[in-house]
Amino acid sequence: MENQILCCVFKALWFVAIVALINMGLEPFGYNMFQTELFETTLNWAVNPIHYIAGIAGLLGLYRLIMKMVHGKGSWCGCNGNGACPCGRPNCNCSSK
């Protein structure tokens, strides 16, 4: 259960990071969704937390990528090489080298 909650937290963090990256990619075209009327009036309190969460998600994603490169298959999907996946997927292919 704890691993499933952790998996959901990572998915939520990555979702926020993806939204922030899409926004960053659209800025050269003159569009910044954090400078729209919605975020400047109603959701102005959410802009900084979204940036913080996106930064944390980026760091966690980088950490997991590095762990994947260093330790192989086991750390990519979050298991310890015993075949049990945190998201409950049966075909995770988590095995130690």
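The values are calculated or read from the model by the stated rules, or taken from the named source; none is laboratory data. Quantities reported herein were computed from a predicted structural model and do not represent experimental measurements. Glycine also receives a Cβ, built like all others from the backbone with ideal geometry; neighbour counts cover every protein chain displayed. We work out accessible area using only protein heavy atoms, side chains counted, and drop any ligands, DNA or RNA first. Shrake-Rupley method; radii C 1.70, N 1.55, O 1.52, S 1.80 Å.
Restricting segment 72-87 to residues that are farther than 30 Å from M24 by Cβ and either outside any loop (DSSP other than H, G, I, E, B) or modelled with pLDDT of 60 or more (or both) leaves a set whose member that is most open to solvent (accessible area, probe 1.4 Å) is K73. Taking each residue of segment 57-68 that is touching a residue at least 12 places away in the same chain (Cβ under 8 Å) and looking for partners that are in a helix (DSSP H, G or I) and surrounded by fewer than 15 Cβ atoms within 10 Å (Cβ to Cβ) with beta-carbon atoms closer than 9 Å, six or more apart or interchain, yields A57/A12; A57/F15; A57/I18; G58/L21. Checking every residue in segment 45-55 against the condition of being open to solvent by 80 Å² or more (accessible area, probe 1.4 Å), farther than 20 Å from W14 by Cα and free of Cβ contacts under 8 Å to residues at least 24 places away in the same chain gives at least one match.
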